[in-house]
Amino acid sequence: MSNLRTTSAQPYAFPLMSKLDESLLAAESAREAQLEAARNDAIAKGVAQGIAQGRLEAQIEAQQLLQQSRQEGLERGHADGIEEMCQAAASLREALAQFDVQRAEIISEAEAFCVDLALAIVARLVETDSVRNEFVLRSVKSALKALAPENPTTVFVNPKVHQHLARAMEDLPLRDDENIAAGNARVEAGRLLVQSSLAEAFELIQSAVLEMKFNRQASLRKVKKNAKESTDAADQ
């Protein structure tokens, strides 16, 4: 005899509408939570990428600005350096021009003083008997060389010079002439004639010295003019 267990069938119970609503709400909440998490994750990633990109762009821009500033600084420094060099060169040229003027003035003043002093000394010397006698002696010797081979027929001198000339040169046909200045002489050899004058010699020396003095003063004026032109050019 077989044992048979009989079970009673349970009737199927449909879920209640409230339970379905709760399940739907739970699923919707879970889906919204997932979407929110995904959105937050995307936002976080976007923010991180944006920050990284911003940092990179900022670094690039900062590097460019740094290089540009450095280049501008170099150019500005180069320009300022050139300008300072030009100013220094202009100042140096002006200083050199002023130095040239001062040096030329000193030289001109010294030479002018020496010239005036030398002329004053010579003017006093030509008035002494020793200088006059020596000048007549040398001028007569030069005249004899110029007249050679002709021999002198007469040598006219001032009586004050006669003795000195006679002692220095024997056998000269000397003849006194009071109308001849003490520093003059006239040598005759037939139709040939040679005259010398200490006063004329001094005038020639004086003219040559004064001409040199004038040329120096002209050079000084030229130096001052060049210095002024150089200064004016530097100011412009």
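The values are calculated or read from the model by the stated rules, or taken from the named source; none is laboratory data. Only a predicted model underlies this, so the values are computations on that prediction, with no experimental measurement involved. Positions of Cβ are generated from backbone atoms using ideal geometry, with glycine treated the same way; all protein chains shown enter the neighbour counts.
Within segment 45-90, restricting attention to residues that are under 30 Å from E229 (Cβ atoms) and acidic (D, E), the residue that is farthest from the chain's Cα centre (by Cα) is D80.
Against the definition (under 23 Å from L193 (Cα atoms), of a type in the set (A, V, I, L, M) and modelled with pLDDT under 90), how does L147 come out, yes or no? So L147 fits the description; yes.
Which is of a type in the set (F, W, Y) and either under 30 Å from A218 (Cα atoms) or outside any helix (DSSP H, G or I) (or both), of F99, F135?
Details: F135 fails: either under 30 Å from A218 (Cα atoms) or outside any helix (DSSP H, G or I) (or both).
From the options F99, F135, the qualifying one is F99.
Among the residues of segment 191-227, how many are without any contact (Cβ under 8 Å) to a residue 40 or more places away in the chain and assigned to a helix (DSSP H, G or I)?
The initial filter retains those residues of segment 191-227 that are without any contact (Cβ under 8 Å) to a residue 40 or more places away in the chain, namely 191, 193, 195, 197, 200, 203-204, 207-208, 211, 214-215, 218, 221-222, 225.
Among the residues that remain, those that are also assigned to a helix (DSSP H, G or I) are: 200, 203-204, 207-208, 211, 214-215, 218, 221-222, 225.
Number satisfying all stated conditions: 12.
The listed residues are K141, K160, and the only one of them that is loosely packed, with under 14 Cβ neighbours inside 10 Å and assigned to a helix (DSSP H, G or I) turns out to be K141.
Every residue, every condition in (1) surrounded by 15 or more Cβ atoms within 10 Å (Cβ to Cβ); (2) over 30 Å from A112 (Cα atoms), yes or no:
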{"site": "A166", "(1), (2)": "no, yes"}
{"site": "E178", "(1), (2)": "no, yes"}
{"site": "A185", "(1), (2)": "yes, yes"}
{"site": "E188", "(1), (2)": "yes, yes"}
{"site": "L193", "(1), (2)": "no, yes"}
{"site": "E200", "(1), (2)": "no, no"}
{"site": "E203", "(1), (2)": "no, no"}
{"site": "Q206", "(1), (2)": "yes, no"}
